[in-house]
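Notes to accompany the following structure.
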Amino acid sequence: MSRDNPPLFLSSLSSHARSFFRRPHTPTPITMRPSTFVAGLAAVAAPAFAQNASICDKYTTALLKENTGANQLTLLTLLVNTVVIGNYTKPNMNAVPGILAKGTYNGTEVNLLPYFNGGLASSNRGGSSGVSINFLDDGGAVPLTMNMPSNGTSSNQYKLMTHLYQYFGALLGCSATGFPSYAGFGSQAAVHRFMDLSAAEVGYFIQQVALAATSFGVTADDVAVVGKALNTIFNVRCAPPTTVIPAQGAQLQSICQDETCLLAPMATCAAYPATMKPAKSNSTMAGSTASSNSTMGGSAAPTSSKPASYSGAAAKVGAGAAGLLAAAVLAL
């Protein structure tokens, strides 16, 4: 399989992950008002569902009634798009800046946007160094606010967003026939090799996942499960091969590889490829990227240097990887 993959920070091991029938992403129209969406998720009570129901099954049923592959994809589209660009549905239960907004994590400034807009030569295309690629090349935030991955289906943005939907689906246990299987590269360590991500950068990303989930009413217990898995598998240095997508088998998955990252239990650093700090892209690429993505600076992608305040389940997941990692074990 090619390493022609967008930067993908998210995934985790799930006992409910399946090999799904592969099909192109087709945006599903939302027929429910945002207020009904939030109320539906917030009203979910665990006793009403089977104890072995996955998070995806649970919230798809609560919101959209029928737990179909199409409805699961609708749910994942809303969640992932919010992680990327921040809140775009109203009302919501808390603010979400989104991963494209500048922020701080444990006192460290974080700016993930250059990894996505071509500002850094950080993408792995199989060579000895990273290359600059614009993954916001097909409408930026605008199609995301319309519950779509992109304007078209042949862009870098389309690949990034659909891979995120697929990976989140594996994480959350989307089990209905018709939900698309993950079509990207198996080793996230290889995909992220030329990013050299810090603990603050990975932690900020996971924090946005937590905020997006709680903004739609996902319970504290469910958010904690997702946060624990993300931190255990990805937010450590030199973790041993781990199976995330069953069909792909055990792969090197640590994406936090610089000196600020906590060393994983049973670390296998010798198995990991050498990493390097990504260089800034040349002025021509940076200029064209900025021009093509001016929409990302709009209301859908906040640019405040301070993230919104948060509490509860989001705080438990986002306030620090160390606390979660201390209690986490690899679920192989």
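The values are calculated or read from the model by the stated rules, or taken from the named source; none is laboratory data. Values in this document were obtained by computation on a predicted structure and should not be read as measured data. Backbone-built Cβ (ideal geometry, glycine too); neighbour counts: all protein chains shown.
Selection of region 91-150 for residues being within 18 Å of the chain's Cα centre (by Cα), in a strand (DSSP E or B) and within 13 Å of SER281 (Cα to Cα) yields ASN117, SER123, ASN134.
Kindly establish whether ALA239 is touching a Gly at 6+ places or on another chain (Cβ under 6 Å), assigned to a loop (DSSP other than H, G, I, E, B) and either at pLDDT 95 or above or among the small types (Gly, Ala, Ser) (or both). Spelling it out, it is not the case that ALA239 is touching a Gly at 6+ places or on another chain (Cβ under 6 Å), assigned to a loop (DSSP other than H, G, I, E, B) and either at pLDDT 95 or above or among the small types (Gly, Ala, Ser) (or both). Got at least one residue in region 156-176 being modelled with pLDDT under 95, over 16 Å from the mean Cα position of the chain (by Cα) and either within 26 Å of PRO273 (Cα to Cα) or of a type in the set (Ser, Thr, Tyr) (or both)? Scanning region 156-176 turns up at least one residue that is modelled with pLDDT under 95, over 16 Å from the mean Cα position of the chain (by Cα) and either within 26 Å of PRO273 (Cα to Cα) or of a type in the set (Ser, Thr, Tyr) (or both). Here ASP258 does not fit the description of being among the acidic types (Asp, Glu), surrounded by fewer than 17 Cβ atoms within 10 Å (Cβ to Cβ) and part of a helix (DSSP H, G or I). In the set (1) closer than 19 Å to LEU160 by Cβ; (2) surrounded by fewer than 24 Cβ atoms within 10 Å (Cβ to Cβ), ARG237 fails one condition alone, (1).
The listed residues are GLY227, GLY297, and the only one of them that is under 23 Å from VAL209 (Cα atoms) and at pLDDT below 90 turns out to be GLY297.
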